[in-house]
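A short write-up of the structure that comes next.
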Amino acid sequence: MEMLINGKAATATDGGWIEVKNPATAEPVDRVPRGGKDDIAAAVEAADAAFGPWAEKTMRDRGLILARAAELVRRDHKALAELLTREQGKPIRESTDEVRGCANILEYYASIAGQPAGEAVSLGKAGDCVVTKVPLGVCGAIIPWNMPVIIMGWKVGPALLAGNTLVLKPASTTPLTNLKIAGLLEEAGLPPGVLNVVTGSGETAGEALVQHPRVKKISFTGNCATGHRVRTLAGEHLKALTLELGGSDPMIVMPDADAKKAVEGAFRGRFYNAGQICTAVKRLYLHEKIAGEFMRLLTAKVESTRVGNGLVPATEMGPLNSPAQRDRIANVVQEIADREEGTVLAGGSPVPGKEFEKGCFYRPTLVGNVPPDAALLRNEIFGPVLPVITVPDLATAIREANHSRYGLGASVWTRDLGTVKEVFSQVNAGIIWVNRHLTVPPEVPFGGTNESGMGRENGFHAIDSYTQTKTLFLGW
Ligand code: NAD
């Protein structure tokens, strides 16, 4: 598949390619150009030329194109979901949800087009001010491989609706569905150059995009270390920044919780997408009164999980996205044993069997007896490993939940409003769920505190982040 620059298919200037492999089978799926600095420059030039006419359209006209694109994504959802599973690994059910979710996001932004933004300020005899919101210009979007389709929607929807043009760089292991959806946006009527997609590595294409002087904003989603690098590079040009980085979300379960619902929540919260979600449940705090029964139910569920090729409909958990990702998780589990920082209660190894040999499979894993300062609790574990900690009371759970450099999401499972109030007021996180985890509809602002990032995606907050304030002062 080729890149999209100025409405045309493009290969890399230096002729290089990146092979995209299926993580379930190690077979090639397709290849994409290894774009570099010159390709980014060409894409930024196209986006710059497209900016004026695009910004001059009404928001409603821009919204209509997003609405049409949402319809096209729905029309092609089966093929898109299959492609996403083949490049990313997740079960086809999850890919279908993700593709439909992207259509919902585009449709949501179309639906709020034209709603009032800005304000009027009266200064009496001195005059009146009209405070408006104007687009920034060319923006850059950098996407990770874990939820590439949803995250594309989170960036493309608000950036384009607000009147900006975009250069998007997908992750090297999952560029294909992003390219297909960009093609559907063009089919929906997006003028050439408004959305450009340059494939390539983070170090070359990614850094060239962040450093390009004509790019006014970078919206980056990825890990914390890369986020710091992006912030430093973008800072040289005082670019606007949204950083959506890693997380280590705590889930707190109190004795009055609906146990069945909470077990389901913990399972889905940790093992959806093979644990590769920024807001996955990465630390489970169970009140000691319910810990025994809860673990009996959760362990049975984990041990009976059907792990396999995501294209097989019965699969409940697919492979990790790459051999590097699988090896990282295997190392995490090995280190638990080496450092005596926990006991593996379920899983803890690659999946045995010939059909799994070539794929990046790892069993869903539960770890108990984890000391408070274990690496497993302090670092983000981006895969299917769940540490479980028993706590005597809510105060301990909150203290331990906050013992983290991250602050993306957190959940509490309870029926008691007083408990909800305590957790909401004391736990550091961008979102606190009650009796839920993971769910982030497009209306809901999303982003982290601490090392989890800065800025918010979704809702009006995202549109705001792709605009700047410009005031007309009318002196009478
Ligand atoms: P990563 O930082 O390695 O890569 C993300 C993207 O950045 C890729 O497109 C990559 O090519 C690009 N990139 C890499 N180095 C770059 C550089 N020097 N300059 C510019 N771009 C560069 O992230 P990852 O490990 O692939 O993704 C997983 C991480 O993403 C996890 O930490 C996860 O928590 C986080 N994440 C956060 C959110 C959120 O909304 N907060 C959502 C999804 C994933």
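Brief remarks on what is shown
- Being assigned to a helix (DSSP H, G or I), in contact (Cβ under 8 Å) with a residue 40 or more places away in the chain, surrounded by 21 or more Cβ atoms within 10 Å (Cβ to Cβ) and out of contact with any strand residue (DSSP E or B) (no Cβ under 9 Å at 6 or more places or on another chain) is not true of Glu82.
- Residue in segment 150-170 that is closer than 15 Å to Gly206 by Cα, within 16 Å of the ligand (Cβ to nearest atom) and not in a strand (DSSP E or B) present: yes
- Out of Lys125, Lys155, one residue alone is charged (D, E, K, R) and at pLDDT 95 or above. It is Lys155.
- Which numbered condition Gly200 fails, given (1) within 9 Å of the ligand (Cβ to nearest atom); (2) open to solvent by less than 10 Å² (accessible area, probe 1.4 Å); (3) in contact with a strand residue (DSSP E or B) (Cβ under 6 Å, 6 or more places away or on another chain): (3)
- First in segment 398-421 and within 12 Å of Arg283 (Cα to Cα), second anywhere and modelled with pLDDT under 95 and away from the ligand (no atom under 16 Å from the Cβ), Cβ under 9 Å, 6 or more apart: Glu400/Pro372; His403/Pro372; His403/Asp373
- Matching entry among Thr471, Thr396 (being in a strand (DSSP E or B), hydroxyl-bearing (Ser, Thr, Tyr) and surrounded by fewer than 23 Cβ atoms within 10 Å (Cβ to Cβ)): Thr471
- Unmet requirement for Ala314, which otherwise passes all of (1) over 30 Å from Val29 (Cα atoms); (2) in a loop (DSSP other than H, G, I, E, B): (1)
- Pick from segment 1-23, criterion more than 18 Å from Ser172 (Cβ to Cβ) and in contact (Cβ under 8 Å) with a residue 24 or more places away in the chain, ranking: surrounded by the most Cβ atoms within 10 Å (Cβ to Cβ): Asn6
- Options Ala41, Ala120, Ala69: the member that is part of a helix (DSSP H, G or I), of a type in the set (Gly, Ala, Ser) and either closer than 30 Å to Gly15 by Cα or without any contact (Cβ under 8 Å) to a residue 40 or more places away in the chain (or both): Ala41
- Test for Ala171: is it farther than 22 Å from Tyr109 by Cβ and modelled with pLDDT under 95: no
- A single entry from Ala266, Ala259 fulfils the requirement of being away from the ligand (no atom under 13 Å from the Cβ), open to solvent by 30 Å² or more (accessible area, probe 1.4 Å) and of a type outside the set (Asp, Glu): Ala259.
- The set of residues from segment 10-20 being under 12 Å from Asp39 (Cα atoms) and not in a loop (DSSP other than H, G, I, E, B) comprises just one member, Ala10.
- Residue, nearest to Glu264 (Cα to Cα), within segment 317-342, restricted to residues that are open to solvent by less than 60 Å² (accessible area, probe 1.4 Å) and not hydrophobic (A, V, I, L, M, F, W, C): Gly318
- Within the option set Leu243, Leu284, being crowded, with 23+ Cβ neighbours inside 10 Å and closer than 25 Å to Pro371 by Cα holds for one residue only, Leu284.
The values are calculated or read from the model by the stated rules, or taken from the named source; none is laboratory data. Remember, it's a predicted structure, so these values are computed and weren't measured experimentally. No Cβ is skipped: glycine too gets one built from the backbone with ideal geometry, and neighbour counts run over all protein chains shown. SASA here: full protein model, heavy atoms, side chains in, ligands and nucleic acids out. Shrake-Rupley method; radii C 1.70, N 1.55, O 1.52, S 1.80 Å.
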